[in-house]
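Taken together, the values in this text are just the output of simple stated rules run on the coordinates, not laboratory data. In this text the structure is predicted, and so the values were computed from the model without any measurement. When we count neighbours, we look across all protein chains shown, and the Cβ atoms used for this are built from the backbone with ideal geometry, even at glycine.
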Amino acid sequence: MTLAGKHILLGITGGIAAYKAPMLVRLLRKAGAEVQIVLTLSAEQLVAPHALAAVAGSVPRSNLFDLDAEAAMGHIELARWADVILIAPATAHCLAQLAHGFAGDLLSTVCLATRAQVLLAPAMNQVMWDAASVQANVRRLQEHGRVVLEPASGEQACGEVGPGRMLEPEALVAALNALFTKADQPLSGLRFTITAGPTREAIDPVRFISNHSSGKQGYAIASAAASLGATVTLISGPTVLSPPPGVTTVQVESARQMLDAVLEYTTDCDVFIGVAAVADYRPATSRSQKIKRHEDGLQTIALVQNPDIIATVAELATRPTLVVGFAAETNDALRHARDKRVRKKLDAIVVNDVSDPTIGFNSDLNAATLITANGEQFFPAQTKSMLARALVLELAGTIQRRLVPTNL
């Protein structure tokens, strides 16, 4: 599951080998990767964007000047989103553009704007591949840190036989797997328990008390931790989300069920991150039969407090090395979160202002502030996947420092 949760940006240029792209996308998604696609205009003549959208689960991009896209995920956002960029096929023109820093289309611009590793899978006629200018560009790209996946030899679309065939999709996936080795994963060997989503507190068999949490941020954090090498258990309240690949997911309904699961799965974990929006209260009694509209005594529902899951974990005799809470606030967010971190004895807390309708609950975007005893760091509005990775990477250093014995 090396590719589980990884963000793979697939660039497709105008070589005939573009016809293999849908199969490559299917293999990447089967391996658990999230895939975004950027096409050149020439590639659109060889492989249908609609076919790619169907297998990728996202709309391919090709226009550098797409104003709608810039408002959500433009070239800078794509460049930041990617864990790795794979260009397959990479034509001679593409190699020349990247070797000399040209940015004439969306794909080349993203490659200039990213800090992610760029892998290139050349595909062209054997004579073109052997051309001195192409080989000079390959050497230049390698000197600049790009990874060029040498093409295979064999029969080509033009009828000639020789080097220049793009590697098969299975070989490209293997190359990506090799890139993401355990040695490159800062959380390798660490065990995470993460809660996500809302809880539901039953009033009767058909009604319940809950909140607006979608679970998206918690699921994104679980996926990010897994992609960085951690062994992750996700304890989820009711959501419509699919379990993240490479993550053990435990489904629960109520706050008490979530607490039971948390106590079971935190006995030997290193990090606990409580992202779930756990209901603070539940009905004092839950009816076994549906309450009818005409029944008396429904003006009020007596409530009792639910257990405080994050505080319970922080108080455990064998508590995790790092306990991180989340706080969704609507006013004085930082003040309330600072107080909550100290009061509940948390190592860190992440707070977001859910009074902003463009972020937080049910949105794909979020902004947050990470608060620790050593300071505060603000993360501006971005996709929840991007924020999750940024938060987990920021916590990774703290986790590793705490796990180093003090007598070394």
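Helix 169-179 and the longest principal axis of the C-alpha atoms of the chain enclose an angle of approximately 60°. Across the range 277-287, rounded Karplus estimates of 3J(HN,Hα) from the backbone phi angles (6.51 cos²θ - 1.76 cosθ + 1.60, θ = phi - 60°) give 8, 7, 4, 6, 10, 9, x, 4, 9, 10, 5 Hz, Gly and Pro being marked x. For the range 242-363, the alpha-carbon radius of gyration amounts to 1.27 times the rule-of-thumb value 2.2 N^0.38 Å expected for a compact globular protein. Under 25 Å from the Cα of K30, which lysines turn up, not counting those fewer than eight places away in the same chain? Cα-Cα hits under 25 Å: K6, K20, K182, K216, K384. Rounded to two decimals, the Cα-based Rg/Rh of the range 182-284, with Kirkwood Rh, is 1.02. Close amide-amide hydrogen proximity is noted between G5 and A33, E34, each under 5 Å apart and 5 or more residues distant or on a separate chain (H modeled in the peptide plane; Pro and chain starts excluded). Seen against the Cα atoms of the chain and their longest principal axis, helix 255-265 is set at about 60 degrees.
Here the dipole of the chain is about 720 debye; that uses its Cα centre as origin and unit charges on the Cβ of Lys and Arg (positive) and Asp and Glu (negative). Could you give me D for the range 164-224, from Stokes-Einstein at 25 °C and 0.890 mPa s, where the hydrodynamic radius is the Kirkwood radius over C-alpha pairs? Units µm² s⁻¹, please. Calculated translational D: 154 µm²/s.
So what's the back-of-envelope 222 nm ellipticity for the chain, counting only DSSP H runs of four-plus at -39500 (n - 2.57) apiece and dividing by all residues, rounded to 500? Using -39500 (n - 2.57) per qualifying helix, the result is -9500 deg cm²/dmol. Listed by chain and number, the aspartates and glutamates whose C-alpha is less than 17 Å from the C-alpha of K340, apart from same-chain residues fewer than 8 away, are D280, D308, E315, E329, D332, D353, E376. Look at the dipole of the range 184-403 built from charges on Cβ: of P198, T248, T300, the Cα furthest out on the positive end belongs to T300. Taking Cβ atoms as reference points and 15 Å as the exclusive limit, the residues near Q135 contribute a net charge of 0, counting Lys and Arg as +1 and Asp and Glu as -1. Coordinate range of the alpha-carbon atoms in the range 7-180 per principal axis, descending: 44, 32, 32 Å.
Helix 384-403 and the longest principal axis of the C-alpha atoms of the chain enclose an angle of approximately 80°. Selection among L41, A17, V84 by position relative to the dipole of the chain gives V84 as farthest towards the positive end (Cβ unit charges, Cα centre).
Once the Cα gyration tensor of the range 184-403 is diagonalised, what are the square roots of 5 times its eigenvalues, in whole Å and ordered largest first, as equivalent ellipsoid semi-axes? Spell out each step's value before the answer.
On the way: eigenvalues 181, 70, 58 Å².
The equivalent ellipsoid of the range 184-403 has semi-axes of 30, 19, 17 Å.
Computed over the chain, the Cα gyration tensor eigenvalues convert (square root of 5λ each) into semi-axes of 47, 23, 19 Å, ordered from largest to smallest. Farthest towards the positive end of the charge dipole of the chain, among the residues P380, A56, G215, is the Cα of G215, using unit charges on the Cβ of Lys, Arg, Asp and Glu.
Within straight-line reach of K290, meaning a Cα separation under 18 Å, sit the following aspartates and glutamates at least 8 residues removed in sequence or on another chain: E201, D204.
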